[in-house]
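Chemist: Sharing a structure, written as C-alpha cells. Questions coming.
Every number here is computed from the coordinates shown, using simple stated rules; none is lab data. Just so we're clear, the structure is a prediction, and the values are computed from it rather than from any experiment. Neighbour counts run over all protein chains shown; Cβ positions are idealised from the backbone, glycine included.
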Amino acid sequence: MGNTIKALVAFIPGDRCQNYVVGDLQEMPLDKMVDLSGSQLRRFPVHVCSFTDLVKLYLSDNHLNSLPPELEQLQNLQILALDFNNFKALPQVVCTLKQLCILYLGNNKLCNLPNELRLLQNLRTLWIEANCLTQLPDVVCELSLLKTLHAGSNALRLLPGQLQRLSELRTIWLSGNLLTEFPAVLLQMPLLEIIDVDRNSIRYFPSLAHLSGLKLVIYDHNPCRNAPKVGKGVRRVGRWAEETPEPDPRKARRYALAKEESQEPLAPALCPSLSPNS
C-alpha cells in the first residue's frame, strides 16, 4: 500500500478503514506473506487465520493490543511482526506458533514476557527494543537457538547470568538502557560477534580481547574513562577508537536487520528458506 493511500486511510473511521484495508484479502497470497503494516488496524482480521500456509505476517505500526485465539491456526508462520503497536502483554496465542524464527515486538508497552515463550524453540531473532522492561525476562535465556537479541531502549540495569546458556547467540543490541557496568555475563560468551552498549552509563570497560568471535563493539555515548581492548581486526565505535568511527551506529543495526531476514540459516526441516525480499 502506497504512502498516498495510507494517508487517505488515516482519515477513514476505524471500522470502515479496517474493511477498506483487508476487504480484498480473501485468498491465500501466492508468496505466503501478508503485510498489513501501517494500516490503522485496531483489531486483527480473523479471516487471515484461514491462510494456514502463511509464512510471514507483518502487523507493524497499527493500534493492536490483542490477537484472536484463531491465530493458532497459522502453524507454518516463521516471521511475525507486532512492533509499533499497543501491546501491554504478549498475547499467549503467539507462544503456540512453534515454527516462528523471527519475532518483532519492539515499540510496544511490554513490562515482561510470558513463561510460555520458551515454547518457541525455533526462534533465532527476537526484537524487544523500546518497551518497558526493567530486567531481561529469564525466559529469554531458555530460547536455545536464539542468535540475535535486540533489547535496546528499555530500562535494563544488568543482564542475568543465565544468558550464558545461549550458546548460539552472536549479536546483542543493548543501546539506550541504564547499564552502569559492562555486563559481566558477556565476558563469558566468546562467540559473540556484535555487542552494542551505545548510550548507557558505563564508566569503565574491561578487556574484550579474549572474545575470539568479536567483530564489532559499539560503546559510544558512555561516560567511560577508557576504550575496551579488543582483538586484532575488531571494529570499535566510540571514544578513543583507533578506527574511523562509524558516523551513525544505526547503520550497523540496519545492516544486521537486513541480513537477519535474508541470510538467517534456518533449520531446513522446520524453517524452509525464506525469500531474500522479506
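Chemist: Expressed in nm to one decimal, what extension gain is obtained for the pair T180 and C132 from 0.36 nm per residue of sequence separation less their Cα-Cα distance?
Modeler: 15.5 nm
Chemist: What's log10 of I(q)/I(0) for the range 29-68 at q = 0.14, 0.18, 0.23, 0.26 Å⁻¹, Debye sum over Cα points only, no solvent?
Modeler: So the normalised log intensities work out to -0.29, -0.48, -0.77, -0.94.
Chemist: Which FRET efficiency, nearest 0.05, do K88 and T52 yield, Cβ-Cβ r, R0 35 Å?
Modeler: 0.75
Chemist: May I ask which of K147/K232; K109/K147; K56/K215; K88/K229; K32/K232 have a Cα-Cα span longer than 32 Å here?
Modeler: Over 32 Å apart, Cα to Cα: K88/K229; K32/K232.
Chemist: Quote the Stokes-Einstein diffusion coefficient, in whole µm² s⁻¹, for the range 78-263, based on the Kirkwood radius over alpha carbon pairs, a temperature of 37 °C and a viscosity of 0.692 mPa s.
Modeler: The estimated diffusion coefficient comes to 197 µm²/s.
Chemist: Further question: For the residues E70, E129, what sequence is obtained by ranking on other C-beta atoms within 10 Å, fewest first? Mind dumping the intermediate values first?
Modeler: Working: E70 14, E129 24.
Fewest-to-most Cβ neighbours within 10 Å comes out as E70, E129.
Chemist: Follow-up. Could you grab the relative contact order for the range 78-263? Cα pairs under 8 Å, six or more apart, rounded to a whole percent.
Modeler: 12 percent
Chemist: If you stretched the chain out fully between R157 and L191, how much longer would it get, using 0.36 nm times the residue separation minus the C-alpha to C-alpha distance?
Modeler: Value of the extension gain: 9.9 nm.
Chemist: What residues have an amide H closer than 5 Å to that of D35, excluding those fewer than 5 places away on the same chain, when H is modeled at 1.01 Å from N in the peptide plane?
Modeler: Correct list: Y58.
Chemist: Just want the ordering: Y204, Y58, Y219, from fewest to most Cβ atoms lying within 10 Å of their own Cβ. List each step's numbers first, then the result.
Modeler: Details: Y204 13, Y58 20, Y219 27.
With the fewest neighbours first, Y204, Y58, Y219 line up as Y204, Y58, Y219.
Chemist: If you take the beta carbon distance between Q121 and S207 as r and set R0 to 30 Å, what does 1/(1 + (r/R0)^6) give as a FRET efficiency, to the nearest 0.05?
Modeler: The value I calculate is 0.30.
Chemist: I'd like the distance between the alpha-carbon centres of the range 70-88 and the range 203-233, rounded to an integer number of Å.
Modeler: 36 Å
Chemist: Quick one: which residues, 5+ away or cross-chain, put their amide H under 5 Å from the amide H of R235? H built at 1.01 Å from N.
Modeler: Counting only residues 5 or more places away or on other chains, the set is L216, V217.
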